[in-house]
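J.: Below: one structure in structure tokens.
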Amino acid sequence: DRPHDEIQSAIRKAADSSVVADIMAKQGETNGTFSKWKLVCLGSFIRLMKPKIIVETGVAHGSSSATILEALHENGFGELYSIDLPVLVSKNGELDPWLEGRSFKVGDVSTVRDMNQVGWLIPPHLRGCWTLILGDSLEKLPEILPTLSGVDFFLHDSLHHYEHMMREFELVWPF
């Protein structure tokens, strides 16, 4: 249980966040970005929970990553480990070949133009406690999880297929 004023303060900070405002101002340049109120809820939760180790799967533009990192910065501690297998769009508008055989269309998934665009919404001053791991989460989670001192918060936002999601949850749960 948290005091009412502590909860209200966390919500107010998240709602008044310059990072969230910047993300919302750039919505025309992104697809798949969390809504303002999802970001406010996420930022409030991180401010209140005060996790030390956060693992997320799926980054794309980095709206959730930026919000998490801002809250960790305000908390004064914490690390974010992000795993992403970016969905790239070729110059002709087609999805990168790793998605062949899947039922995705360009509008169905968050896409970036190139690998350098992964997490571009994250301000440079918040990147100090961020580790970006590029690759398939089902391969990378077993590699990184044993190196961490546990996982206080996990955010799945990668491939939204039941089998994939369940496998990620099964890998993270013991930690």
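J.: Go through (1) under 26 Å from L138 (Cα atoms); (2) over 14 Å from the mean Cα position of the chain (by Cα); (3) among the polar types (S, T, N, Q) for S44 and report which single condition fails.
T.: (1)
J.: A further question follows. Among the numbered criteria (1) surrounded by fewer than 22 Cβ atoms within 10 Å (Cβ to Cβ); (2) closer than 18 Å to N116 by Cα; (3) not basic (K, R), which single criterion is violated by S82?
T.: (1)
J.: In the stretch 103-132, which residues are surrounded by fewer than 19 Cβ atoms within 10 Å (Cβ to Cβ), modelled with pLDDT of 95 or more and either farther than 18 Å from I54 by Cα or touching a helix residue (DSSP H, G or I) at 6+ places or on another chain (Cβ under 8 Å) (or both)?
T.: P123, P124, H125, R127, C129
J.: Sort out which residues of the stretch 14-41 are farther than 18 Å from S65 by Cβ and either open to solvent by 50 Å² or more (accessible area, probe 1.4 Å) or touching a Pro at 6+ places or on another chain (Cβ under 7 Å) (or both), and write them in order of number.
T.: D16, G28
J.: Same structure again: Considering only the stretch 1-35, how many residues are free of Cβ contacts under 8 Å to residues at least 24 places away in the same chain and outside any helix (DSSP H, G or I)?
T.: 4
The values are calculated or read from the model by the stated rules, or taken from the named source; none is laboratory data. None of these values were measured; they are calculated from a predicted model. A quick note on method: Cβ atoms are made from the backbone with ideal geometry, for glycine too, and the neighbour counts reach across all protein chains shown. Quick note on the areas: whole protein, heavy atoms, side chains included, nothing else; ligands and nucleic acids left out. Shrake-Rupley method; radii C 1.70, N 1.55, O 1.52, S 1.80 Å.
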